[in-house]
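Here the structure comes first, spelled out in structure tokens, and everything after it is commentary.
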Amino acid sequence: MTKVTHKILGLEAIVPETERAIVLKDGVFDSVLTPGRHMIGHLGNQTKFEVKAYTLSKDAIHSDLLSTLFRNHPDALGTILTTVETGEDEMAILSLDGTPRLIVAPLSRTMVWTDAGLWSVERVNLADGFVMTDALSKRLMRVSSDFIKRFKVEHGQVGLLHVDGKLVGDLSPGGHALWSYGKVISVKLVDTREHALDVTGQEVLTKDRVSIRVNLSATYRVTDPVKAVTEVKDFHDALYRALGAAFRSSLATKTLDAVLAEKGAVDAEASATVVSDMAKAGIAVSGITLKDIILPGEMRDILNTVVLAEKEAEANVIRRREDASATRALLNTAKVMSDNPAMMRLKELEALEGIAEKVGTLTVHSGTKGLMTEIASLSAE
């Protein structure tokens, strides 16, 4: 700490290495005191001297007195103070011993103590752009400043850079730092990966005035991020409404039977409209599907009854067809046997063999001449 004492010959000031002092004579700048011992004034002098001591800080100097003295006496204070002034579209980075320490805004002046360290100045022209280079961004990572905004763009995203509400460019995946002094800087992130969208519970009135509910699904991907955020307010909402509107228009021209019977055709017709409309907004849509058709309770019961009756009718037709086929087969077999007695005998023996396998004792009496010449007794032990 600077020590000021009264001596016989005047004032004595001792300034340490970590301080500098300003001498005011009757309130007016007189001199700068560097480290060491100094004598101020002389015996019998009625002049009033005042010593202002300052610590050598590594931060910017905020002193109205020093600012005024430097402005009025630049040659005298230029040995202890370093000043940096910036233009209208210019930022300045003050580095101390190679490490960024301070950032000076446009149209500003900053003072630092010259002897606080080895100062260097790097100037940035904002007219060249607001986005910092990776090297500069890393260097300023530890500098706290209201003049820098940082954004992170994830993989699969595109960052659309807006300055004062105007789109000026896009940012690739990674970390980004931007100069934001005097500007409103914002980044809108747009995901360019493929997404699925479900549209559920859409009420539709068919041509035959049946109220149904449908569930839809689609996959989409942003192919032009700029169009996606400028052509429509919310492309996700726009796609949702486009799917609902297209399917309502398509289904309203068809009867319920046609909708149920031609579900694939309905998908193709509505899909073409959605794909065309969303392509104008930079959205590629694919995989559009009419997933579910939900009928009112009464209509569902009626359709179930109709389907049941149809299936029963089909079953009756099949049964009658099988009965007729079986009858024809029996008639054909009987005709073959009547024309071929040996075949008749083989069938009788086959029947007899089948019966013998299921009973313990069986006695067969032949009632047909030539079929059996004697009584056969079959015993199973």
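The values are calculated or read from the model by the stated rules, or taken from the named source; none is laboratory data. The model shown is predicted, which means the values in this text are computed figures rather than measured ones. Protein only, heavy atoms only, side chains kept; ligands, DNA and RNA dropped before computing areas. Shrake-Rupley method; radii C 1.70, N 1.55, O 1.52, S 1.80 Å.
In the structure displayed, which of K58/K152; K3/K48; K3/K58; K188/K291; K149/K233 lie more than 28 Å apart, Cα to Cα? Check vs 28 Å cut-off fails for K58/K152; K188/K291. Only protein heavy atoms count here; on that basis, with a 1.4 Å probe, K183 has an accessible area of about 90 Å².
Could you work out what % of the accessible surface of the stretch 55-159 is carbon and sulfur, using a 1.4 angstrom probe and leaving DNA, RNA and ligands out of the count? Exposed carbon and sulfur together represent 47 percent of the surface.
Is the stretch 184-306 best put as rounded, prolate or oblate by its Cα gyration tensor, with a ≥ b ≥ c the root eigenvalues, rounded for a/c under 1.5, and otherwise prolate when a/b is larger than b/c, oblate when not? Cα axes put the stretch 184-306 in the prolate bin. With all projection directions averaged, the alpha carbon convex hull of the stretch 35-113 covers 7.0 nm². Largest first, the extents of the alpha carbon coordinates of the stretch 18-77 on the three principal axes equal 41, 25, 17 Å. Protein-only accessible surface at a 1.4 angstrom probe places the residues M337, M278, M141 in the order M141, M337, M278, largest first. Heavy-atom accessible area, probed at 1.4 angstrom with all protein chains present, ranks R319, R109 as R319, R109, highest first. Protein-only accessible surface at a 1.4 angstrom probe places the residues D89, D134, D146 in the order D146, D134, D89, largest first.
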